[in-house]
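Scroll down for the structure; my scribbles are underneath it.
The values are calculated or read from the model by the stated rules, or taken from the named source; none is laboratory data. Bear in mind that the values here come from a model prediction, so they are computed numbers and not experimental data. Every residue, glycine among them, receives a Cβ derived from its backbone with ideal geometry; neighbour counts consider all protein chains shown. Surface accessibility is based on the protein's heavy atoms, side chains included, excluding ligands, DNA and RNA. Shrake-Rupley method; radii C 1.70, N 1.55, O 1.52, S 1.80 Å.
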Amino acid sequence: MTMTTTPTTEVPFEQIRAAFARGYQSQRQELAYWIDEVEGTIPPDLHGTFFRNGPGLLDVNGQRLHHPIDGDGMVFSMAFANGRAFVRNRFVRTKGFLEEQEAGKILYRSPFGTQKPGGMLANIFDLRLKNLANTSVTYWGGTLWALWEGGEPHRLDPYTLETLGLDDLGGILSPGKEFAAHYRIDPDVAGEPHLVNFGSQMKLGIGFQEDATIITIYEFDQAGKVLKRHAYQIPGFSVLHDMAITPNHCIFFQTPLDYNAIPYVLGIQSIVQSFRLNPSRPTRIVVLPRDPEGPVNIYDTKSGFIFHLANAFEDGNTLCVDAVSYADFPQIEPGENFLDLDYRRFPAGELWRYTIDTNTGTVERRFLYPGTCDFPTLHPQNQGRPYRYVYLVAAPPDKTRWVVQTITKLDLATGTTDVWNAAPYGFPSEALFVPRPDGMAEDDGWLLSLVYDGEQHRSSVVILDARDLAQGPIARLQMKHHLPHGFHGCFVPDYFGPEA
Ligand code: CO
């Protein structure tokens, strides 16, 4: 495989920014239909359902949110069988969504900067958060969950995407208890897959108390039964969005954030806007045991802010963790408009490998891919194990700081890349790897991604052959409408469409 790029005509940045910004228009319609516009051919042996979550509303009755991460969750599904596809999208009907739609205005402050109208007096001392249910979606043990890290998951009907209510996991989650959006599926625990998730609770130090983070680990069997639940209090404050797993460990990056709670409590800033990365303090790699009796280990290293981890694996006395690090915590400041941001001044997401010597406690790090990238994915069978290929959404190869417009396959053995470039007007989201039935090679499968087209203002699903991205999609399924830029999802082998 060689470095391949699709040539594109040069389009001014302002035009690309405007096309990207159109992808932040709210989608108020909830639709369900068979895809009838396909370029190429849907592989007939691609069978199952692709789910994705992301903000559906970027405004409430015209009152614009401050940050897209504050948008109400809209779940998308595309069900594949016999070379056909059925698409559906629906809002997660959270309590906050229903209240705000009824009121026709913003009633809640949200973590990334959205404030209620009326300035400081309307927001002061109001520390309630709305469960946004917008970050990921997964199907496990017969249940479809819309996930958001600040609270309980919402249960959805996998066929209709109808909201069935909050899930307290059979009484395990107390109201408002954190349950992360970044679960991992261990493909083989004594021959059975397990879902491992965590909840991260910030404990801000008050008076003589130190800041702390309480991390709870959950492990589910294939039927959805909770097998393990164990909690740890780790010194220091951070935001834990994602983790990696190995057969024995759950691994977190606790990057050093300082915060100033006063503007938040006073209603001037959101909680996240009060965070600042403090590069003078070390990043801690927190390694928690999957086995509740196992040891906790914490290693110091240096990093920027980390949202997403790609993977981790054990190799004798070394533990390798791959993660996307930003030189600074990306913020949208109170006076800024996210539609006008110049992405060229944002810190770049860089993929690094951290290699921990568990005997000596030393950590070495090296670049895996220095361009701007994020949303790493891999073959599900390699989760927590040595792996060769990681799939990224990345800036075009000739641009260092840019909007992510490509799906890039990085060969970790050779360092080479294989790129599908959707520029100038295509904006792909997380690319999920779907193994080909009976496929043996690590890259024998398809990549599925929802792509926003900023020229036509509609979305499509592209299917790429993971062995050859540069040839372009083997199928592009055009939707009749757009979905705003979104976050994470899953592919499951069950077909949740209507009867053909
Ligand atoms: Co994420």
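Quick notes on this structure:
- Taking 0.36 nm per residue of separation and subtracting the Cα-Cα distance, full extension of the segment from Ala441 to Leu339 would add 32.6 nm.
- Rounded to 0.05, the FRET efficiency of the Leu204 and Thr160 pair, given R0 = 30 Å and the Cβ-Cβ distance, is 0.15.
- Pair Asp494, Gln63: separation of 7 Å Cα→Cβ label points (nm): 3.8 nm
- Net charge over other residues, Cβ less than 9 angstrom from the Cβ of Leu277 (K, R count +1; D, E count -1): -1
- Table column - 3J(HN,Hα) (Hz), the range 74-80, Karplus curve with 6.51, -1.76, 1.60, x for Gly and Pro: 10, 9, 10, 9, 9, 9, 10
- Dipole of the chain computed with +1 at Lys/Arg Cβ and -1 at Asp/Glu Cβ about the Cα centre; of Ile35, Cys373, His66, farthest Cα towards the positive end is His66.
- Structure-based [θ]222 nm, the chain - -39500 (n - 2.57) summed over DSSP H runs of at least 4, per residue, nearest 500: -1500 deg cm²/dmol
- Cα convex hull, the chain: 147 Å³ per residue, rounded to a whole number.
- Label point 7 Å beyond Cα of Thr143 along Cβ direction - residues of the range 481-500 with amide nitrogen under 18 Å: 490
- Relative contact order computed over the range 349-500 (Cα-Cα under 8 Å; 6+ residues apart), in percent: 15 percent
- If the chain linking Gln15 and His47 were pulled fully straight, counting 0.36 nm for each residue of separation and taking away their Cα-Cα distance, it would gain 7.7 nm.
- Residue pairs, from the table Lys105/Lys177; Lys302/Lys409; Lys203/Lys228; Lys105/Lys225; Lys95/Lys203, whose Cα atoms sit over 29 Å apart: Lys105/Lys225
- Translational diffusion of the range 5-105 was estimated from the Stokes-Einstein equation, with Rh taken as the Kirkwood radius over Cα pairs; at 37 °C and 0.692 mPa s the coefficient is 202 µm²/s.
- Averaged per residue, the chain has 39 square angstrom of accessible surface, using a 1.4 angstrom probe with ligands and nucleic acids left out.
- Take the Cα radius of gyration of the range 363-466 and divide it by 2.2 N^0.38 Å, N being the number of residues; the result is 1.09.
- With a Förster radius of 51 Å applied to the beta-carbon distance between Thr355 and Gln478, the computed FRET efficiency rounds to 0.70.
- Take the Cα of Ser174, step 7 Å toward its Cβ, do the same at Arg229, and the gap between the two points is 1.2 nm.
- With every protein chain in place, the range 427-500: carbon and sulfur % of accessible area (1.4 Å): 47 percent
- Percent RCO, i.e. relative contact order, over the chain, from Cα pairs under 8 Å lying at least 6 residues apart: 16 percent
- Percentage relative contact order, the range 416-500, counting C-alpha pairs under 8 Å, at least six apart: 26 percent
- For Ala18, the shell of other residues with beta-carbons less than 15 Å away shows a net charge of -2, using +1 for Lys and Arg and -1 for Asp and Glu.
- To put it simply, the accessible area of the range 133-279 at a 1.4 Å probe is 53 percent carbon and sulfur.
- Pairwise Cα separations in the range 169-320 fall into 5 Å bins from 0 onward with the following percentages, short to long: 2, 8, 16, 21, 20, 14, 9, 6, 2, 1, 0.
- Each Lys or Arg adds one and each Asp or Glu subtracts one; over the other residues with Cβ under 14 Å from the Cβ of Pro424, this totals -2.
- Estimated inter-spin distance, Glu102 and Glu192, nm [label 7 Å along Cα→Cβ]: 4.2 nm
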